[in-house]
Amino acid sequence: MSLTTITGLARLAFRLAWAGLRYRPRRQTIAERLAALPRAGPPLAASVEIRWNEHLVPFIAAESDRDLAVALGLVHAHLRLAQMEMLRRIAQGRLSEVLGSVAIPFDHALRLLDPIRAVPEIEAALPDGTRDWAAGFVAGINHHLASPAEKPFEFGLLGIEPEPWTVRHMLGIGRLAAADINWLLWMRLLRLPRGPDWPEIWARLIEDGAAPLPSLASGQDMASEAFARLVLGLGRAGSNAVAVSGERSATGRPWLAGDPHLSLGLPSVWLLAGYRSPSYQLTGLMIPGIPAMAIGRNPWIAWGGTNLHAMSSELLDVSDLPAREITERRLRLAVRWSRPRELVLRDTGYGPVISDAAMFGGDKGRPLALRWIGHRPSDELSALLAINRARNWTEFRTAAEGFALPGQNFVYADRAGRIGKLRAAWLPRRAS
């Protein structure tokens, strides 16, 4: 690790420790924590019931879908507002505003990756039902922000001023969750040509299609490892999902287990919840800030899944492109405890020049552009909502056709005894 990085991390640790003397989480009983949920004047058409079971999992009952969406936004903000704020900032490439100059390389890479590029088109194309649902969810978040409820201590620690949420912010978190898991491999490969072992590694890659890659856990690559964990949520992971036919179970009914092995974190990657309205009756796992059940069950079906590990993006050598086909823009990056910085972002008709980022090799002599399916509009929110409403295999399969990213192996079981598996992904069309 470079001296600059070590110095930056030391300064960050000192400043956060100093801020921690001023901002500490207030001790609360469970009853006090639950009572802090803002209940006065939410934008609801009728009363909504929010209760907590013995494991402190929230359950919501609403008379309309719109009211359910509002209540979900309120509960997500109550439980995970600080986590949602950091996810929003990661998607936007705004970490330097709260972490200082040590995060500038992260923001540079994030601004180049630009996971939210397609969000305006996605929002414009949302069906009316999805749009109303998303607007209700955001209204619930903003009601929490506007309430006198105490904000998470992380806001004071990181110097965060609450900002209103929009549907685009919520869709941006969804796009961040769709990041290509193969980017970690590229971060490793793009650094290897500079090392002495590259000829041997390249020969094995060509011959066998695989080779052991050096860990990112040493030297300057530690920053890339941290970036991968930040954006991709990677760690020691290996999800599994299985459905067992009723013909092979002791009960005579199908069994399903969905076990996503994402990295452990505090707070968790997942938010457990249950809810009921005219269109929805669900229990399962949600991503904080996303108003849909990612894995779960309703009275008719259950589903789980694992990451398909499908390569939804490509790296293209654009060194032969005419200069006029590589555009350049400059932006001002706000940096906590320091002066603003200017970032230069290059782009092509194929996608951003990702090799300009230190996290992706930082080799400006050989520009590589990222062509990613996620830079095109797709509507995973509507697909998930349709999956949440599905009552049989046909409805489930039809709903999954609209799910583009991240590619998933979905497994399925229903009360009628049927089990199934399908792959849901949009992938680049490649020559054989």
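Where a number appears in this text, it was derived from the coordinates with a stated rule and is not lab data. All values derive from a computational prediction rather than experimental measurement. Because the Cβ atoms are built from the backbone with ideal geometry, glycine has one as well, and the counts that use them run over all protein chains shown.
Counting only other residues whose beta carbon sits under 13 Å from that of TYR280, what net charge do I get with K and R as +1, D and E as -1?
Charge balance in the 13 Å sphere: +2.
Can you tell me which of LEU185, LEU285, LEU176 moves the most in a GNM of the chain? Springs connect C-alpha atoms under 10 Å apart.
LEU185
Looking only at region 276-291, which residues have a backbone nitrogen under 11 Å from a spot 7 Å from the Cα of LEU56 in the C-beta direction?
none
As an exercise, find the ratio Rg/Rh for the chain from alpha-carbon atoms, using the Kirkwood inverse-distance average for Rh.
Values: Rg = 22.8 Å, Rh = 23.4 Å.
We get a ratio of 0.97 for the chain.
Just ASP197, ASP114, ASP132 to compare: in a GNM of the chain, with alpha carbon springs under 10 Å, which one fluctuates most?
Taking springs between Cα atoms under 10 Å, the residue moving most is ASP197.
So, counting K/R as plus one and D/E as minus one, what does the shell of residues with Cβ under 9 Å around VAL119 add up to?
Counting the neighbours of VAL119, the net charge comes to +1.
With the dipole of the chain worked out from charges on the C-beta (+1 for Lys and Arg, -1 for Asp and Glu) around the Cα centre, which of LEU87, ASN388, GLY296 lies farthest toward the positive end?
In the chain, that residue is LEU87.
Could you compute the net charge surrounding VAL242? Neighbours are other residues with a C-beta less than 10 Å from the C-beta of VAL242; K and R count +1, D and E count -1.
Numbers: positive: LYS421; negative: ASP259.
Residues close to VAL242 contribute a combined charge of 0.
So what is the relative contact order of region 299-379, in percent, for Cα pairs below 8 Å that sit 6 or more residues apart?
Answer for region 299-379 is 31 percent.
What number, in percent, do you get for the relative contact order of the chain if the mean sequence gap of Cα pairs under 8 Å and at least 6 apart is divided by its residue count?
Averaging sequence separation for qualifying contacts and normalising by length gives 18 percent for the chain.
Given contacts defined as C-alpha pairs under 8 Å and at least six residues apart, what's the relative contact order of region 239-303, whole-number percent?
Reported as a whole number, the value is 21 percent.
What is the magnitude of the charge dipole of the chain about its Cα centre, with +1 placed on the Cβ of each Lys and Arg, -1 on the Cβ of each Asp and Glu, and no other charges, expressed in debye to the nearest 20?
Value, rounded to 20: 680 debye.
Return the single residue from GLY246, GLY349, GLY136 with maximal mean-square fluctuation; model: Gaussian network over the chain, springs between Cα atoms under 10 Å.
The residue with the greatest mean-square fluctuation here is GLY349.
If you take every DSSP beta bridge fully contained in the chain, what fraction is antiparallel? Give it as a percent rounded to 5.
Numbers: 47 of 50 bridges.
Bridges in the chain are about 95 percent antiparallel.
For TRP337 and ASN182, FRET efficiency with R0 = 45 Å and r from the beta-carbon atoms, rounded to 0.05?
On the way: r = 35 Å, r/R0 = 0.77.
The value I calculate is 0.80.
Which listed residue (ALA431, ALA125, PRO162) has the Cα farthest towards the positive end of the charge dipole for the chain, taking +1 on Lys and Arg C-beta and -1 on Asp and Glu C-beta about the Cα centre?
Going by the Cα projections, it comes out as PRO162.
Return PHE227, PHE403 ranked ascending by Cβ neighbour count within 10 Å, so the fewest neighbours appear first.
Fewest-to-most ranking of PHE227, PHE403: PHE227, PHE403.
To the nearest 20 Debye, how big is the dipole of region 68-137 about its Cα centre, given +1 on the beta carbon of each Lys and Arg and -1 on that of each Asp and Glu?
200 debye
Going by the alpha-carbon gyration tensor, a ≥ b ≥ c the square roots of its eigenvalues, is region 109-198 rounded (a/c under 1.5) or, if a/c is not under 1.5, prolate (a/b greater than b/c) versus oblate?
Cα axes put region 109-198 in the oblate bin.
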